[in-house]
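Enquirer: Mind looking over this structure? Questions follow.
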């Protein structure tokens, strides 16, 4: 039994415990999660329990429309799509054509292709093309860290009151605690934290599992 002064650090054992009890990762999702390493691509960067958390937030918000910045091979996209209402739609942005092609293939395998529109290219240049489809219910940010504030500000203007804005990797593997960092990505994330925490347009916090997921609900 833990005492008041003791803490339990989130680790792989706890992660696996949650996966075993609460996460329904079918064979298709498992294969998609493992595919990047087999093909020499960057890791998916979303754990199964984090995917389930996204699905839960989407379902809790009764979302019918969602936006994702950073598709990679579509693992997180599938979790989001599976949380949407049956007629719901996800717009997702991926800069790398090869990743976009793999993601489209994965969407078909997961039977969610009809709910997802993938836009390939620079999201900053393309995102205004979907603004007329809003306001959106759910926005997920998991792209280049220096762009998080811009993505967040776009989401604020294009998300309905009571909608969710969610951002991944907000701990940056604990480098977020480095007050003396010279890394531009870390400094950008530190600024992002302060930007969201001091905004009077959202209620926000950080879910501390995995690499940290920031969750904000629009006012």
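Enquirer: Take residue 61 and decide whether it is at pLDDT below 95 and in contact with a strand residue (DSSP E or B) (Cβ under 6 Å, 6 or more places away or on another chain).
Expert: Taking the combined requirement at face value, the residue satisfies it.
Enquirer: Still on this structure, I have one more. Look at segment 20-48 and say how many of its residues are at pLDDT 85 or above, crowded, with 16+ Cβ neighbours inside 10 Å and outside any loop (DSSP other than H, G, I, E, B).
Expert: 4
Enquirer: Can you work out which of the residues in segment 74-93 that are assigned to a loop (DSSP other than H, G, I, E, B) and more than 13 Å from the chain's Cα centre (by Cα) is surrounded by the most Cβ atoms within 10 Å (Cβ to Cβ)?
Expert: 84
Enquirer: Hey, which of the helices (runs of 4 or more DSSP H) in segment 94-170, taking only ones fully inside, have at least 2 residues that are touching a helix residue (DSSP H, G or I) at 6+ places or on another chain (Cβ under 6 Å) and closer than 18 Å to residue 80 by Cα?
Expert: Once the helices (runs of 4 or more DSSP H) in segment 94-170 are filtered for at least 2 residues that are touching a helix residue (DSSP H, G or I) at 6+ places or on another chain (Cβ under 6 Å) and closer than 18 Å to residue 80 by Cα, what remains is 97-109.
The values are calculated or read from the model by the stated rules, or taken from the named source; none is laboratory data. Note that the structure is a prediction, hence the values are computed from the model and not measured. Positions of Cβ are generated from backbone atoms using ideal geometry, with glycine treated the same way; all protein chains shown enter the neighbour counts.
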